[in-house]
Amino acid sequence: MTREPVGVRGVAVRAVLFRGTGDLLPIYALYGVLFADHGLNTAQISLLLAIWSVTSFVLEVPSGAWADTVSRRGLLILCCVLQAACFASWMVAPTFAGFALGFLLWGMASALESGTFEALIYDDLVARGEPSAYASIMGWARGAQEGTVLVAILAAAPLFVWGGYPLVGWVSVGIGVLHTLTAFALPTAPKSISATAVDDLDDEPNLGTLGPHIVPGPPAGSTDPHGSTGIEQRSARSADEQPRPDESASAGATSGPVDRGTSGDPRRSGGASEVHESGAAEPASAAPSSRYLTMLRTGLGEALRVRRVRRGVLLGALLYGITAFDEYFGLLAVSGGASTSTSALLVGVTVVGSLVGSLLAGRAEALSARTLSIALFVAGILFIAGALAVGVGAGPALLWIGFLGIGIAYGIDFTVEVVAGARLQDAIEGPARATVTSVSGLLSEVVALAVFGFVAAATVWLSMSVTIAALGLVLLATAAVIPTWLPPRRDEAA
C-alpha cells in the first residue's frame, strides 16, 4: 500500500507534539523528594541516578544501530511505553527495587529515542524533497520540549497539594500514554538508502552531480521486492569513480530503467532511493543479526572515518554536552545571595533563553559558519561575564543582569546546537543515520560527565560563580572550531 503524502507542516506538528508530550511530566520536579520521603538515603538515590545514566550510556549506540535495522517509529512507540512503565513502577512499588526498575526502563527509553527521532524526521523530509525544513522543525520541537518542562514543573506543586505523590505519578503515567499516541502519529518514513547498499564510505566523498542520497540507477533488468524496476542502489564509489556531468545525463539509458511511476511525486528527492523501514530492500536471506551488525559497523565507520561527519559529531557533542552546566544554575543563584524562590525565577530566565534560542534555529540555519562562530563567541563572553556578575553579590540588580546574560548565552548555544544537528544530518550519507547520530549523543554524555567532574573538583578551591564562568571557556573554544567543524548545508555540498 502506498503511503499517503503528509505535508511538511503535518510532519512539524507531529514532531512538536511528540517532543512536547515527552517532557510534560510533573514527576520531574519531585522525584528526588519522592525517593527521600520513601526512606532512601543519599547514597541510594545516587545509585538510582547512576543506574539511569549508565543504562542510557551503554545502550546509546547499540540502540542507534537497532533503529537503522527495524522500524524507527516502532522503536519510538516502544520508547514511550517504557517511559510510562517507569513511572507506573514507581507508583506500584515505591521501594528501592521499584525505583531501580523504573530508572532501568527510563534509561532504555532515552537510549531508544536518541538518534532515532532525528533520523526518522530527516529521512521523511528527504523523501519529500524538503530536507531544508529539518532545522526549523527540530527548533520548534526543542522549543516545545523546553516549554513543557517548565509547564510540568509549575504544575507539580498544585497536583501534589491535591493528591500527593500518587496524583503526580499517575498524571505522569497518563502523559506517557498520551506521548505513546503521538508516536503512533509520526510518519513511517522510508530510509534514504538501502541498509546493505553501502560497503565502504570514503573520507570526504565526491558526490559529483548526484548529491547526498541521490544515487544512480540499478543494473539493467533489476527489480525491487515490490516488483517495480529501478529501485536505486547507492554505489558508494570513490571520488574518481563518480560519474561526470555528461555521464550522469545518460546514466538512465545505460544502467537500466528508473521507476517513472513516482517521477512526479514530491516525496521523491531526485533519484533518491526509498527503502521502507521494514527493510524491504534487504535480501530476504539476510538475518536480523547480520543486518544489525552491518548497521553498527557502517554507522561507527562513517562517524569515525568520514572527516566532515566526524567533525559534525564532535561539534554536536560539545554544543549539547556543555549545557550540563544548567544543572548548577540554581546553586549559582543561591551562591549569589538569591532566596530559594528567587533562584527558581532566575533559573526560569535561562529556560526562556533556551526556548527562544530553539525557536530561532530555523532562521539561523541559513547563516554562515563564520556568523555562527561569532554568535557563539559572544555567547561565551556573556556567559562568563554573567556568572562572574552573579558571584559579586552586589545586590539583586546585578544578580538579574548576570542571569540575563547567562540566559542569552544559553539560548545562542541552543540555536547553534540545533543548526549543527541539521548540518550533521546533511553530511551523513550512509544508511546508518541513527547510529551516527547516537555516536554524537554518546559523546555528549561524555562531555556532560566531564562537566560534572570538573565542577565537583573545582568547587573545592573556587567559588561556584568562578567555576561556572570557567565552563564558558568551552563555549569560546567551540566557537573557534565552528568554521572548520560545521558541515556544509545540503545545497552547498551538492
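The values are calculated or read from the model by the stated rules, or taken from the named source; none is laboratory data. Here the structure is a predicted model, which is why all the values come from computation and not from measurement. Backbone-built Cβ (ideal geometry, glycine too); neighbour counts: all protein chains shown. For the accessible areas, the whole protein counts, side chains as well, though only heavy atoms, and no ligand, DNA or RNA atoms are used. Shrake-Rupley method; radii C 1.70, N 1.55, O 1.52, S 1.80 Å.
Points worth noting:
- Available extension along the chain between LEU150 and TRP162 is 2.4 nm, counting 0.36 nm per residue and deducting the alpha carbon span.
- By accessible area, using a 1.4 Å probe on protein heavy atoms only, the range 332-446 has 74% of its surface on carbon and sulfur.
- Each residue of the range 306-320 was assigned a 3J(HN,Hα) from its phi angle through the Karplus curve 6.51 cos²θ - 1.76 cosθ + 1.60 (θ = phi - 60°); the sequence is 7, 4, 6, 5, 4, 5, x, 4, 5, 4, x, 5, 5, 5, 8 Hz, with glycine and proline shown as x.
- Beyond 14 Å, the tail of the calculated P(r) for the range 112-182 holds 72 percent of the Cα pairs.
- Per-pair calculated FRET efficiency, R0 = 45 Å: ALA450 and SER339 via Cβ, rounded to 0.05: 0.90
- Shape class of the range 1-84 from the Cα gyration tensor (axes a ≥ b ≥ c, square roots of the eigenvalues): oblate, since a/c reaches 1.5 or more and a/b does not exceed b/c.
- For the range 355-494, the percent of C-alpha pairs falling in each 5 Å distance bin, counted from 0 to the bin holding the largest distance, reads 2, 10, 15, 19, 20, 15, 9, 6, 3, 1, 0, 0.
- Compared with the alpha-carbon gap, the fully stretched path from ALA36 to LEU178 is longer by 48.3 nm at 0.36 nm per residue.
- If you sort ASP23, ASP326, ASP124 by accessible surface, 1.4 Å probe, largest first, the order is ASP326, ASP23, ASP124.
- Subtracting the Cα-Cα distance of ALA457 and SER46 from 0.36 nm times their residue separation leaves 146.2 nm of extension gain.
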